[in-house]
Structure formats: structure tokens, C-alpha cells
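Since every read-out is calculated from the coordinates, none of them should be taken as a lab result. This structure is a prediction, so every number in the text was calculated from the model and none was measured. Counting neighbours? That spans all protein chains shown, and the Cβs are built from the backbone with ideal geometry, glycine included.
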Amino acid sequence: MRLLQVSLRSSLLYSLILVVISIPVSLFSIRALLDEDVDEALTLHTDQFLRHIKTFNYLEDLETDLQVLDQLSYDIDIKPSNETVVFKEFQSVSLYDSTEHEVRPYRQLSTSVDIKGKHYILTVRSSLIDNQQLVYAVGLVQSALIILLATGLLLLNRALSRNLWKPFYKTLNQLKAYQLDRNEPIKLEKTNIHEFDDLNTTVSLLTDRNRKVFVDQKEFIENASHELQTPLAVFQSKLDVMMQNPSLSESDAAMIGELESTAQRMSRLNKNLLLLSKIDNEQFNAKETVDVKEVAELLLSNLKTMADVDNISITTSMQPLKITADKTLIEVLLSNLFNNAIRHNIKNGHIMVELSDGTLRVINSGPPVNLKSEKMFERFSKQSANSNSSGLGLAIVKKICDICSYDVKYEYQAGHRFTVNF
């Protein structure tokens, strides 16, 4: 599509260049024709003058008569010459006009003549001022026509392009606004252009197929999470019973402890997958006024015990911020950010929580990770060796921010810095 537009614009540009080049060519041709016409007039004038001179052959003092004629006539010069070579020469010259007091262009013919056996150089000239004005007027008219033609072509090309590509850009805008996780199928209107109708049909089939695959995958995750809840609960209860057996050896107790830790991790992973499925299904849509500062302070107080295990200090600097949102989603969002800051920290580290101007910043002193910032929020993208991490916490944060139209960013500057702009 864009290549075709570029081709059309290039063709238009080349056409305009050719038209612009044609202006000096046409002016040069017109001037050459005018000069040729003047040359013919000068030749005729010279012949008439010579025939007229021959009628005065009876005059005895022809020399004096020619001098008087030379002084009286501005367009004719005749001077004695010692040259016997016959020549005829046309020239374009600029001479001072004593009447107009300015230099003007002339076209002149110089030729050798014999009068009563004496050699003379006869020069006949004609003013070119009218011809120059004519050429200037023609050039001005052509330039005006070129400007009007170029403007008209550009406006016509833009109008045609806008009407021609309107269905394409409409389809493109719908594709940009289309979200796979929404239940609404893309609706493309029928056009009068066969190619665009084929494009819209293909796009509709592709989006419908992808949406069906996405829905099937989401339903599978939801169903699998629900089905896993019961066996995980049974497995957890059996481990609890086994741990209460007084006849357990130390090695058996250690093995059961590892199984307990693995079961808890599987349970957290299952809950997170189920939470993602509920978020995708838009089950959290109860809007209410939420005090972000109040929710953050409550969550941090609950997590203080977890932070004290590694002697991690928590510092806050928060201003009141009230937003309209689903309170459960905000709690999950803040909880995952705070849990992530504690789990991916160092012993005797620190966490800074700032809330001001509608922006939340969570900074922790964890070591740098070999993970690009754009992959930080992808599911199961983690570099930490922490067994308590499921790899879904930040993915849930990103999902909630996308649904609520919040802006979340990550960067590492002497610590991990997560920023959420409400």
C-alpha cells in the first residue's frame, strides 16, 4: 500500500519536474523564433536601404550625404571601410538609449556594401525591448499555470488518496484498537473495492480464529486451575497428617517438609493462574472509591513480619490518593508489588514506597538481574532463585494495569524501581 503511494507521489513529482524544465525550454524556443523573425526584418530593411541608396547615385557628394544620414538615423550606421572582404553578421547587443536614458537590448545586422566603388560597413539594428517583454509575459503566465497545475494536482492526489485508502485506514484503525482479550469480535464494513473486501474478509477470519484459540486457552487454564484445587487440597491435608506422625524419622520429616514447600508453591501458582483467568474474564468490575494510601499502609503492615525475617527495612512517603476502581484489583496490584520487593531483596536491605502526584513508586535494594525491562512483566519470566516466586506476580500487575489503563514501568537504578501511574 505504502509502496503504491510512494510510486504515485514519485510519478507526480517527476511530472512536475518535467513541466518545470519545459518553462526555460519553451522560453528559449520562443526567443529563438523571435530573433529569427527580427533577423528576417533586418535583412529586408538592409536590402531596402541599399536599393534606396542607389536612387541617389546622381548626387555628386554622396560621402557627405551618407554622413548626414548616419547622424540622423539612430537605427542605421554606415561608415567607410578599407576591408574588401564581404561579410554578414547578426548580433544581440546592449546600447544606451539617449531618449529613454537607459541601456536597452538590440538585434543588429552588420554587412559590407559597395557604393560608387567605395567600401562601407552598414549596420542596421532593431530594438528587442518588446520581444523581451513578450518573453517575460509568456514566462510569467507559464509559471502561474505551473503553480496552479501543481497545486491542483497535489490537492487532487490528496483527495483521491484519502477516498481511495479510506477503507484501508478504517480497517487499520480497527485492528489497532482491537484487543484479543475482549469478547467483542472485530466488525469490518463492506466496501466497493474488491481488494479491500478480500483484505477485510481475511482479517476477520484471522481475528476470529485467534480469538477462539485465546478463549479456548483461557478456559483450559481456568478449568485446569479449578480441577487442581481439590487434589492439591487433598495432597496438602495428607502431608499435614504425615507430619503429625510421632514415629517419623528426621530424614522422613525433612522430605515431607520439602513436599510441603512444593505443595504450597503449586497452590500459589494455581491461585495465580485462576486469578489471571478471572481478570481476563472481567470478573472484577465493581467500581468504588479506593484510598490507595490506606490500602498500601494496611498491606505493608501485614507484610512487615515477612520483611523482618531478612531484616529488611520499609520506608514510606505517601500522600492521599483516591481513585475509582475495583478494590480487589488494587489490593492484588499493591500486594504483588510489595511481595516482589521483599522476595527479591537482600538481607539487611531496604524498601522505599512513594506515593505522590498520582504515581506509586516501589524501590527495593535487590541485586541486578539479567532480564530485559520489557520482559520483566511476562509470565514465568524470572531470574531469581527464590523458590517462593511463581513467576506470575508481575504478570498479574501488568494485566491489572492494562485493564485499568494504568501505566507501569520498570528500571534498575541502584535498585529495582517499579512505577505505576494511576
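Data table
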read-out	value
Length added when fully stretched, residue 357-residue 112, from 0.36 nm per residue minus Cα-Cα	78.4 nm
Inter-probe distance in nm under a simple model that places probes 7 Å from Cα toward Cβ, at residue 22 and residue 193	2.9
All lysines inside 16 Å of residue 304 as judged from Cα atoms, apart from same-chain residues fewer than 8 positions distant	347
Cβ-Cβ FRET estimate between residue 140 and residue 172, R0 fixed at 51 Å, reported to 0.05	0.70
Where labels lie 7 Å past Cα in the beta-carbon direction, separation of residue 217 and residue 266 in nm	2.5
Inter-site label distance for residue 414 and residue 88 at 7 Å from Cα along Cβ, in nm	9.7
Which of 23, 78 has the fewest Cβ neighbours within 10 Å, and the rest in rising order	23, 78
Using a Förster distance of 56 Å, the FRET efficiency for residue 298-residue 205 (Cβ separation, nearest 0.05)	0.70
Chain lengthening between residue 248 and residue 407 when straightened (0.36 nm per residue, less Cα-Cα)	52.0 nm
Difference of contour (0.36 nm per residue) and Cα-Cα distance, residue 148 to residue 37	36.8 nm
Residue 51/residue 96 FRET efficiency (R0 35 Å; Cβ-Cβ; nearest 0.05)	0.70
Listed residue pairs exceeding 31 Å between alpha carbons, taken from 166/322; 212/399; 212/287; 212/398; 190/327	166/322; 190/327
Residues 256, 129 arranged by fewest to most Cβ contacts within 10 Å	129, 256
In sequence order, calculated HN-Hα J values of region 138-154 (Karplus, 6.51, -1.76, 1.60; Hz; x Gly/Pro)	4, x, 5, 5, 5, 4, 4, 5, 5, 5, 5, 5, 5, 4, x, 5, 5
